[in-house]
Amino acid sequence: MIPSPFEYVKVRSVDEALAALTEHGEDAKLLAGGHSLLPIMKLRLAIPTVLIDISGISDLSYVRVDGDGPDAMVAIGAGTRHFELERDDVARTEVPLLPHVAGRVGDPQVRHRGTIGGTTAHSDPASDLPTALLALGGTVVLQGPGGRREVPVTEFWTGFFETAMSPDEMVVELRVPRTGSIGWGYEKFTRRENDWPIVAAAAVDGRVALANMAGSVVRATATEEALARGASIAEAAELADQGTSPGADMHADQEYRRHLARLLTRRALETAAGV
Amino acid sequence: MSILGTRVVRTEDPLFLTRGATYTDDLVDDRLTGALHATFVRSQVAHGRLLSVDTSAALEAPGVVAVVTAADLSDLVPLPPPFPFINQEMTRPWLASDRVRFVGDPIAVVLTEERYQGEDAAELVAVDIDPLPAVVSTADAARDEVLLFPEAGTNVMASFGEPAPADFFDGCEVVVTQALVNQRVAPVPLESRAAAASWGADGRVTVWCTNQGAQQARGQLGDWLKMDPDLIHLITPDVGGGFGAKIGADPEYAFVAWLAKHVGRPVRWAESRSENLVGMLHGRGQDQVVTIGGRRDGTVEAYSLVFDQDCGAYPRIGAVLPTLTMLMAPGVYGFPKVHSQGRALATTTTSIGAYRGAGRPEATAAVERAIDLFAAEIGMDPADVRRKNLLPAFHEPHTTPMGATYDNGDYTVALDKALDAAGYADLRAEQARRREAGDARQLGIGLSVYVEITGADNGAGTKEAAELEVHPDGTATVLTGTSPHGQGHATAWAMIASDQLGIPVEKITVVHGDTDRVPEGGGTMGSRSLQQGGAAVHQAAGELIELARRRAAEKLEANPEDLVVDLGMAGLAVRGTPGVGVTFAELAADDRLLVNTVFNANAPTFPFGAHVAVVELDVESGKAQVVRMVTVDDAGTIVNPLLAEGQRHGGIAQGVAQALLEEVLYDEDGNPTTSTLADYPFISATELPSFELVEMSTPTPMNPLGAKGIGEAGTIGSTPAVQNAVIDAAAHLGVRHVDMPATPMRVWRAIRQAGHNASQEGN
Ligand SMILES: Cc1cc2nc3c(=O)[nH]c(=O)nc-3n(C[C@H](O)[C@H](O)[C@H](O)COP(=O)(O)OP(=O)(O)OC[C@H]3O[C@@H](n4cnc5c(N)ncnc54)[C@H](O)[C@@H]3O)c2cc1C
């Protein structure tokens, strides 16, 4: 429960962070809220020798509407804490699924520390906000020595703790379409209120994303296709676990996880449809 | 009006909440200047031959002063089993020398200048282990194919009782048998284990450690280190919870004292949470088979409980728990025939100790499940089956077929009060409505009626010491052999003294946990403290008044019989002339006003109660949520309702936790899979409703306060009530039993299985 020795660098800007990443290379890790990184360091599952603390970069924390009309996007700074997102008025009006899900992450301490950039970069298949982001669609904005690039969320999470980001890049922003009054549903299944999801399902606008049903967060494509064909919610939800590859742990074996995916998908879709 | 029975706010809390308490790891003490930090290297393999331990790389690491292995322990003998009835070959090495027996078994100790250096250096100790098959379950252990102690010839630590006679259930119209798991849980006190030791030039050692009774801990250190206990000054700083796992000393504490001598410098040790979850004693861990037989009118005629107690790798208190489970097997029921038999078995896991209730919750869980199974089989309301079989109210001691002598009890009233407060009939109606409607959220109503034994002889007898002194400035000091670690003794003991002496509570200081100041004591465990330690303070106050009366009579030239306690002036006044007399403080100015006493209760007490748990069960997912907990917990006379309710709250919560959430798990190779708090699901407020506490008080004649124990009752009652409620919620779907913890997956699978069974029967 005591991490290996490491050096600590505090940076004030994205440029400083990127320079430090380049300087220290593979041994360095960015430190945002620390609520995924520090626990695995304490268990010595991660042994970075340099921590680059990006929590002091103040202009990475914001929620705003970018552009206008139907193409306008909601832009969220990577340093935005779950708690800030939960309480944000713009987010509540423009994309209400996100603040709701932010409020379901862990407990108040976790929400006051954890950041949307951190949870996005970490790529834990059981994380809440990436599940919501995947259902919403949109992009992850990365910045590296070569400048900025946008990766669609559908291509970003590639596996367990793996993303489309390269080691010298960082997440600077999340961009999601406005959903306004479009119905949405989020079903998070836990044994205790403040736990990580055993399985979770996010549904919005005919799209469904699942947490903890594969190596990364995934879309329930069979369900989405069935809905597009005009299938009933109950019929479509029965297909939710198709194409998934859930793991087994003490809370749920694969069979039960598949059952939960179908059940939670049905409930999330029903909520989204207002039934 | 007496202060007893009033809600005096805890006097210890301002300190805890503002300045912070001083736990062992926080100690700043001259005697610990320059202390080294001990870090244990523990086995990562459950069972195996220890081939070699290479310390050379660790010795080179920064800050390392010494690395100690079994080879360095020539002056220590292995720890003998704690009880004479245990197979005496099952000794515990201080550090593994030829064999490791659980993940967490200490192999070496690294001593470093700084704590953090220890964790780095410990990783450099190279341990070579040739794995042997793990023995993870009691069923594996009982096969005796793989032995933890080959020299013992068996994994059975001890056996208790005989098999039931073949004709035990003959003549019963209905007999139901069920295997039950009372799973292994972790105590998880907020303060994990810690110790510090420093030797003086006089050959005495001062040991600070977190525990539930300094005197008992000192006795064990003396036994293990082969030292005269007088040479050990044991100090218990503030303690952040124990739940039974801090009873006495752990070998690590004694070892810290040995290490300090070995290196000639003070040594301190504080474990991390991961170390705590494998190193500290676990609780429960029984595999049971209940058989209950009787008539279709609900009368139970015979009951049997046969079980194996998992004791972990080395025998600790767990090995004696079967005796308590057997003693309390019939619980509150007047079954004409009762049988129980238990075994204590060694497995390659963390040792089992006492955990809130220790042996009694296991008995209650078994019989309360058995009653429900019987009720389901004959199609009768479980409340009616209970009522039919409860022992009638008794005011004189009653001896059960298992040989327990209950002091007094009225179980039917307890049950009725709980059912009334819960609105039982309305709950059943609501349940019927939801079943009829086929709701996804079904209602489950679970009952349990319990009796338990508190203040049992814990090796130190049923007695407790107290010293009471009034000082010339009007303050008083109470010295007690009990050992608070959250209970609020400082408040309660001061109230008891204040009640008789008139000295305000805030002027009374309660001292505990220092063997030089309080050499005799039984500690705080087994819900004994108020009925023995509190009663000792009560007795001390009475004796102090008599001492004061003799002295005051001389001073006032009055007849002792004419002197009465005047609470207003905190002294003695001449009868009929209040205010005229002498205060205790004035008497103390003449000569020390001090008494020393031992109260002996001679017998334990048997608190009882009834719990009603209401759960909502999502039958589609299997997840249960407790929506109401209505409890009657009769602990006799209540000295301070605030403290008693606190004990009930914590106890109920811990019971709900066992019923729904908590379980220590190992994989088939004996690796713990719940060794961090990310994996071990302890309970928090979000999983609990507000508790509905119902009052009932049947004073015991066993002590002058009339008090029974309350520390463990909540846990004992709530665990089966919640388990029964979950099963009740799915009973209409054909579910008869679900083991604890009733996880969503287990419940979902039980519902599905019941559905399969039903459709097959339909074919
Ligand atoms: C007790 C507890 C309960 C939790 N419960 C939940 C839960 O229920 N649901 C849930 O979804 N999560 C949960 N979490 C995780 C929480 O949401 C974390 O805060 C989050 O996953 C990571 O965010 P962070 O800012 O703390 O990242 P950090 O821990 O600081 O970093 C995580 C990883 O991301 C990298 N990183 C951080 N920021 C960036 C960036 N801008 N660009 C590139 N890389 C970056 C780091 O280098 C590191 O590898 C829980 C955590 C704890 C401790």
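Before moving on, here are some points about what is shown:
- Criterion applied to A:L129, A:L142, A:L134 was being within 14 Å of the ligand (Cβ to nearest atom) and in a strand (DSSP E or B), and the one residue passing it is A:L142.
- Residue among A:V65, A:V110, A:V9, A:V90 that alone is more than 14 Å from chain B (Cβ to nearest Cβ), within 13 Å of the ligand (Cβ to nearest atom) and modelled with pLDDT of 95 or more: A:V9
- Residue, most open to solvent (accessible area, probe 1.4 Å), within segment B:261-287, restricted to residues that are among the charged types (D, E, K, R) and within 14 Å of chain A (Cβ to nearest Cβ): B:R273
- Checking each residue in segment B:118-132 for being part of a strand (DSSP E or B) and either among the hydrophobic types (A, V, I, L, M, F, W, C) or facing chain A (nearest Cβ under 8 Å) (or both) picks out B:A126, B:V127, B:I129.
- Selection status of B:A142, on the phi < 0 side of the Ramachandran plot, away from chain A (no Cβ under 14 Å), outside any strand (DSSP E or B) and in contact with a His (Cβ under 6 Å, 6 or more places away or on another chain): no
- Of the residues making up segment B:606-617, those that are within 30 Å of A:D253 (Cβ to Cβ) and open to solvent by less than 10 Å² (accessible area, probe 1.4 Å) are B:A613, B:V614, B:V615, B:L617.
- Close pairs (8 angstrom Cβ cut-off, 6 or more residues apart or separate chains): part of a helix (DSSP H, G or I) in segment B:430-443, basic (K, R) anywhere: B:R434/B:R441
- Only one entry of A:T223, A:T190 meets the criterion of being open to solvent by less than 30 Å² (accessible area, probe 1.4 Å) and more than 15 Å from the ligand (Cβ to nearest atom), and that entry is A:T223.
- Hey, A:H122 open to solvent by 30 Å² or more (accessible area, probe 1.4 Å), modelled with pLDDT of 95 or more and near the ligand (Cβ under 9 Å from one of its atoms) or not: yes
- Listed conditions (1) in a loop (DSSP other than H, G, I, E, B); (2) out of contact with any Pro (no Cβ under 8 Å at 6 or more places or on another chain); (3) more than 14 Å from chain B (Cβ to nearest Cβ); (4) more than 16 Å from the ligand (Cβ to nearest atom) are all met by A:M165, apart from (4).
- Residues of segment A:103-119 that are in contact (Cβ under 8 Å) with a residue 60 or more places away in the chain and surrounded by fewer than 22 Cβ atoms within 10 Å (Cβ to Cβ): A:R104, A:G106, A:D107, A:V110, A:R113.
- Each residue in segment A:241-270 was checked for being more than 14 Å from chain B (Cβ to nearest Cβ) and surrounded by 15 or more Cβ atoms within 10 Å (Cβ to Cβ), and 4 of them qualify.
- One residue from A:I52, A:I76 being assigned to a strand (DSSP E or B), farther than 24 Å from A:G185 by Cβ and in contact (Cβ under 8 Å) with a residue 40 or more places away in the chain: A:I52
- For segment B:201-220, the tally of residues that are open to solvent by 10 Å² or more (accessible area, probe 1.4 Å) and in contact with a Ser or Thr (Cβ under 7 Å, 6 or more places away or on another chain) stands at 3.
- Among (1) surrounded by 15 or more Cβ atoms within 10 Å (Cβ to Cβ); (2) farther than 23 Å from A:A132 by Cβ; (3) modelled with pLDDT of 95 or more - the single one A:P3 does not satisfy: (3)
- So B:T631, is it in contact with a His (Cβ under 6 Å, 6 or more places away or on another chain), crowded, with 18+ Cβ neighbours inside 10 Å and away from chain A (no Cβ under 14 Å): yes
One line per residue, one yes/no per condition, for (1) outside the structural domain of A:V140 (by TED's automatic domain parsing); (2) assigned to a helix (DSSP H, G or I); (3) within 21 Å of A:Q109 (Cβ to Cβ); (4) in contact (Cβ under 8 Å) with a residue 60 or more places away in the chain:
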{"position": "A:A17", "(1), (2), (3), (4)": "yes, yes, no, yes"}
{"position": "A:L30", "(1), (2), (3), (4)": "yes, no, yes, yes"}
{"position": "A:L38", "(1), (2), (3), (4)": "yes, yes, yes, no"}
{"position": "A:R64", "(1), (2), (3), (4)": "no, no, no, no"}
{"position": "A:E84", "(1), (2), (3), (4)": "no, yes, yes, no"}
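The values are calculated or read from the model by the stated rules, or taken from the named source; none is laboratory data. These numbers come from a predicted model, not from an experiment. Don't worry about glycine lacking a Cβ; one is built from the backbone with ideal geometry, like all the others, and counts go over all protein chains shown. Ligands, DNA and RNA are excluded from the accessible area calculation, which covers all protein heavy atoms including side chains. Shrake-Rupley method; radii C 1.70, N 1.55, O 1.52, S 1.80 Å.
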